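The values are calculated or read from the model by the stated rules, or taken from the named source; none is laboratory data. If you're wondering where the values come from, they're calculated on a predicted model, not measured in any experiment. Note that each Cβ is placed from the backbone with ideal geometry, even for glycine, and that neighbours are counted across all protein chains shown. Calculation scope for accessible area: heavy atoms of the full protein, side chains included, ligands and nucleic acids excluded. Shrake-Rupley method; radii C 1.70, N 1.55, O 1.52, S 1.80 Å.
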2 protein chains.
Amino acid sequence: MPKPQTAPGVLHVVATPLGNALDLSPRAAMVLARVGLILAEDTRRTKRLLAEAGITGARLLSMHEHNEAGRVAQVLEILGSGGEAAIVSDAGTPLLSDPGFELVRACRRAGVAVVPVPGPCAATAALSVSGIAPYPFTFLGFLPRKAGDVKKLFTTYAGLGQTLVFFERKDRLAATMALAAQVLGDREFVVAREMTKTFEEFIPGRLSDLSVLGRELLGEITVVIGPAAQGARQGEEEAAKIHASEALAGGKPREVARRAAARLTGWSATEVYERFSLAGKKSS
Amino acid sequence: MPKPQTAPGVLHVVATPLGNALDLSPRAAMVLARVGLILAEDTRRTKRLLAEAGITGARLLSMHEHNEAGRVAQVLEILGSGGEAAIVSDAGTPLLSDPGFELVRACRRAGVAVVPVPGPCAATAALSVSGIAPYPFTFLGFLPRKAGDVKKLFTTYAGLGQTLVFFERKDRLAATMALAAQVLGDREFVVAREMTKTFEEFIPGRLSDLSVLGRELLGEITVVIGPAAQGARQGEEEAAKIHASEALAGGKPREVARRAAARLTGWSATEVYERFSLAGKKSS
């Protein structure tokens, strides 16, 4: 059940579809139909979504990076007197690379309840089907515009050797992936585009051969880059050791520990076996 | 529209509710009602979910960390002949700290289409309402059992200074947060428990004062730890600079650049202003 409304009001953070209207949850539809105010990144886009869900009469206010600071006081006034509002982004889970952070923060500080109505998120959707070790992963949002800044950002995370997820514009994808190859070395990747839409596509490859990205890719793009290959960065090896030893310590059979480490690193169970000499350890 | 089925079969990776049955999307319900086989972490739990959604007659097979390797061949045989299957976890988005990675990877290698049916995910739900800078963030899954291993893991990420999200068992939470304080310094946190359920609760605090976690916390716990405070770790400062300069380079007004940097770092716009002397830069 949704949390009962508490004074002084509730802000619902509502996830919306990435592209398929049938991905809007019944609770999201109920909340959007009920609240007095919906803060939307692009009100036209949200109007379309509401129409598809049969929701009419909602009061929409635009909130984007250029007017968010100004909206905060306005919304707090409404919520302060016990109202309910919802925030949505153009697609997916609000705040993850979308506006809303300042409003949520201000609500928390003002004692307004902020509750999630969970649903689609491009980053986790792409990860879940990528076949790439899903955690630990770091989500970078939209990459910066300048190649030099992208390079710096990749360099920051190269040493950790774990999975990265980010959004990129289609006209910059080729250059970005070439930079990734240069900084991160030869890793697996999956480029997801138009997820949940008619032309949904997942393009797997390795950074050492970017020819699969040679053609023009249209639509919304999410990139998953896998952990460092068996050349094995320090952080990754550390993480694999920790999780493998944890599985061993938990009294689980060695095979489970090895598979856990393999899942984390993208190495084969044999590689994990050789690297950590798990065979030599007692399994409890 | 869902992707049309292509030979040799489709594996749907289906997100399910964290606790509120109304968070199951119409498409998730349709897919689960249609496929010939559902791979579930805990078949009893999934049976309950299906019953609540009015879905009967589904064929369920358990798949968890102890039998996943064995299931892969079995499932590939079914999908190889053009069938459709779905994988679900107990709650949220499969593969993010749940079983399924080996199966998804094997399907990709065998040319079986793997498509996401996006929905709830505890990590992104907690982030979206935390009031903590939502990206870049790193998701660590369930933390290891031993305090020494948790400490090592935190140490790996301390230098980056960005937001961390992880799951922890209630009886270890106090010790884990004390370790976090020791390794990560004084940062903001939000402990989310029982998200979307009757006793949903978000407990904000700072690592320097863990007294808010003094009472016993029941249920499923997701922890969000914010970026390093203005003491400012290298990686964070770098990221803020990159994004601020990116906003400037994009021809946006200085105020936007400052807010973008503030959002990233959790600093106030004034702090960002002082740190990066954005005032001195041209806004294009």
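Structure data summary
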{"read-out": "For A:A110, label point 7 Å along C-beta direction: distances to other copies, nm", "value": "5.4"}
{"read-out": "Inter-copy separations for A:R206, label at 7 Å along Cα-Cβ, nm, ascending", "value": "5.0"}
{"read-out": "Accessible area (Å², 1.4 Å probe, nearest 10) - B:S211", "value": "80"}
{"read-out": "Under the Karplus curve 6.51 cos²θ - 1.76 cosθ + 1.60, θ = phi - 60°, whole-Hz ³J(HN,Hα) for segment A:15-27, x wherever Gly or Pro sits", "value": "6, 10, x, 7, x, 9, 4, 6, 8, 7, 6, x, 5"}
{"read-out": "Order by protection proxy (mean Cβ within 10 Å, highest first), peptides A:112-119, B:156-163, A:183-190, B:180-187", "value": "A:112-119, B:156-163, A:183-190, B:180-187"}
{"read-out": "Average beta carbon contacts from partner chains per residue of A:191-200, 10 Å cutoff", "value": "3"}
{"read-out": "Distribution of pairwise C-alpha distances over segment B:104-233, 10 Å bins, in %", "value": "12, 42, 29, 13, 4, 0"}
{"read-out": "Label spacing, shortest first and in nm, from B:D171 to its equivalents in the remaining copies (7 angstrom along Cα→Cβ)", "value": "5.8"}
{"read-out": "Bridge type composition, segment B:15-172 - antiparallel percent by DSSP, nearest 5", "value": "10"}
{"read-out": "Segment B:1-78, Rg to Rh (Cα coordinates; Rh as Kirkwood inverse mean 1/r)", "value": "0.96"}
{"read-out": "Shielding by partners - mean other protein chain Cβ count within 10 Å, residues of B:159-171", "value": "2"}
{"read-out": "Debye-sum result for segment A:47-113 in log10 I(q)/I(0), which assumes one identical scatterer on each alpha carbon, at q = 0.11, 0.13, 0.19 Å⁻¹", "value": "-0.28, -0.39, -0.82"}
{"read-out": "Area accessible to solvent at A:H66, 1.4 Å probe radius, in Å²", "value": "100"}
{"read-out": "Area accessible to solvent at B:R34, 1.4 Å probe radius, in Å²", "value": "110"}
{"read-out": "Between A and B, accessible area buried - total, square angstrom, nearest 100, 1.4 angstrom probe", "value": "7500"}
{"read-out": "Two-site label geometry, B:E201 and B:A73: point separation in nm, points 7 Å out along Cα→Cβ", "value": "4.9"}
{"read-out": "For segment A:32-98, size of Cβ-based charge dipole, Lys and Arg +1, Asp and Glu -1, in debye", "value": "300"}
{"read-out": "Gyration tensor verdict on segment A:75-133 (Cα atoms; rounded if a/c is under 1.5, prolate if a/b is larger than b/c, oblate otherwise)", "value": "prolate"}
{"read-out": "For segment B:158-219 versus segment B:90-105, the gap between their alpha-carbon centres in whole angstrom", "value": "24"}
{"read-out": "Given A:K197/B:K151; A:K47/B:K170; A:K152/B:K152; A:K170/B:K151; A:K47/A:K170, the pairs whose alpha carbons are separated by over 31 Å", "value": "A:K197/B:K151; A:K47/B:K170; A:K170/B:K151"}
{"read-out": "Coarse-grained scattering of segment B:132-179 at q = 0.15 Å⁻¹, given as base-10 log I(q)/I(0) from a Debye sum over alpha-carbon atoms", "value": "-0.38"}
{"read-out": "Whether segment A:43-165 is rounded, prolate or oblate, judged on the alpha carbon gyration tensor where a/c under 1.5 counts as rounded", "value": "prolate"}
{"read-out": "Partner chain coverage, peptide A:87-100 - average Cβ within 10 angstrom", "value": "3"}
